[in-house]
Amino acid sequence: MTKKYNVGVLGATGAVGQQILTCLGERIFPIDSLKVLASERSVGKTVDFYGDLLKVEKVGPDSFNGLDLAIFSAGSEASSEYAPIAAKAGCIVIDNSSKWRMDSRVPLIIPEINPGAMKKHKGIIANPNCSTIQMLVALKPIYDAVGIKRIVVSTYQSVSGSGYKGVKELANQSTSLLTGQEAKISVYPHRIAFNCLPHIDSFLDNGYTKEEMKMVNETIKIFDDKNIKVTATCVRIPLFYGHSEAVWIETGRHISPEAARELLNRAPGIVVIDDPEINRYPMASDCINLDEVMVGRIRADLSCENGLAMWVVADNIRKGAATNAVQIAELLIKDSKLMKTDWSD
Ligand code: A2P
């Protein structure tokens, strides 16, 4: 008989949390019991899990007793407070927030790229930033074949990256503006409807945003390559779901666009859509509810001897968050040696 697990989802009422529940069911994760947790705002609410209405519980210090693993998507503050409590209670945490990603005790995992790094976990495993995940899934085959020295990326990120509140903000502002009313601003520092904001997360002293530096630092950690150079500009665009990225790379050795296309075609988790003559290229509208990273517009970077340019698209809530987290959970239960915690502060 397949072993079944006691599973928790923290942030189960949120945009990613809801998708985590969908992915757990879709992928037939072996669940014995499922506990859905959120803040006290959600007390009294239920969430639907394939026809079962589950009562949302307010998270607290005792919430993780008896759980084998929990997937967190409730922001950094909740992760900071509850991930160590859970790990010490014997519940392995897969965390979607940025809180633990750069902690040396915490593996940062994309299952297609560095599953071996899971071995070092002590009870907390981090899910990378959505924009990092889709970029690195697309670049991994090229990195392995010819090396990558430098990455330049510009992102076009949808508002669902800010959770349901981002989705509501864009819907409300668009409705207001299209009906001649004033757009109310509450989530972003400026209007997002009919606009683009070169600003995601807060600004740092070096002029970059935290989101941009996540792409830099997480790439180095996931590829385990201190020499790789990364620079990013992250832009919020008025789109509900799906992130797109223009990516330029300088490779270690020359690779033609044809050879790169061939490599990507054979790689797990990637779909190549690259036939510009008939207007075929990946678009955010194509990737919704899919787990694959879509890559197209693969071409030589004419400004650089060993350069390639490409366009990378994925569902930020699926492969960028929920699917990747559930894939990590699948890796965990595949190897009983990984089902342990020894977290200490
Ligand atoms: P709640 O619905 O009770 O506020 P989104 O990313 O769509 O904004 O969702 C965030 C998720 O994280 C929601 O489920 C939200 O619960 C949950 N959440 C946010 N802050 C906390 C917190 N401090 N403790 C527990 N859950 C939280």
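The values are calculated or read from the model by the stated rules, or taken from the named source; none is laboratory data. Keep in mind that what you see is a predicted model, and the values were worked out from it rather than measured. Note: ideal-geometry Cβ built from the backbone for every residue, glycine included; neighbour counts use all protein chains shown. What goes into the accessible areas is simple: the full protein's heavy atoms, side chains included, and nothing from ligands, DNA or RNA. Shrake-Rupley method; radii C 1.70, N 1.55, O 1.52, S 1.80 Å.
Per-structure values
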| quantity | calculated |
| --- | --- |
| Some residue of the stretch 179-199 being touching a residue at least 24 places away in the same chain (Cβ under 8 Å), closer than 18 Å to S285 by Cα, in contact with a Leu (Cβ under 7 Å, 6 or more places away or on another chain) and surrounded by fewer than 16 Cβ atoms within 10 Å (Cβ to Cβ) | yes |
| Residues within the stretch 1-21 that are open to solvent by 50 Å² or more (accessible area, probe 1.4 Å) and touching a strand residue (DSSP E or B) at 6+ places or on another chain (Cβ under 9 Å), tallied | 3 |
| Filtered residues of the stretch 269-304 (kept if touching an Asp or Glu at 6+ places or on another chain (Cβ under 8 Å) and closer than 25 Å to R150 by Cβ) | G269, I270, Y281, M294, V295, G296, R297, I298, D301, C304 |
| Residue list for the stretch 179-208, filter: of a type in the set (V, I, T) and within 25 Å of the chain's Cα centre (by Cα) | V187, I192, I200 |
| Test: residue in the stretch 259-270 that is under 21 Å from S154 (Cα atoms), under 24 Å from the mean Cα position of the chain (by Cα) and not in a helix (DSSP H, G or I) | yes |
| Output for the stretch 74-97, where each listed residue is open to solvent by 30 Å² or more (accessible area, probe 1.4 Å) and within 13 Å of the ligand (Cβ to nearest atom) | A74, G75, S76, E77, S80, E81, I85 |
| Close pairs (7 angstrom Cβ cut-off, 6 or more residues apart or separate chains): over 17 Å from N129 (Cα atoms) in the stretch 234-246, modelled with pLDDT under 95 anywhere | none |
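Residue-by-condition table, conditions (1) buried (at least 16 other Cβ atoms within 10 Å of the Cβ); (2) assigned by TED's automatic domain parsing to the domain that holds R253; (3) within 14 Å of the chain's Cα centre (by Cα); (4) assigned to a helix (DSSP H, G or I):
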position	(1), (2), (3), (4)
G116	no, no, no, yes
L136	yes, yes, yes, yes
K168	no, yes, no, yes
L177	no, yes, no, yes
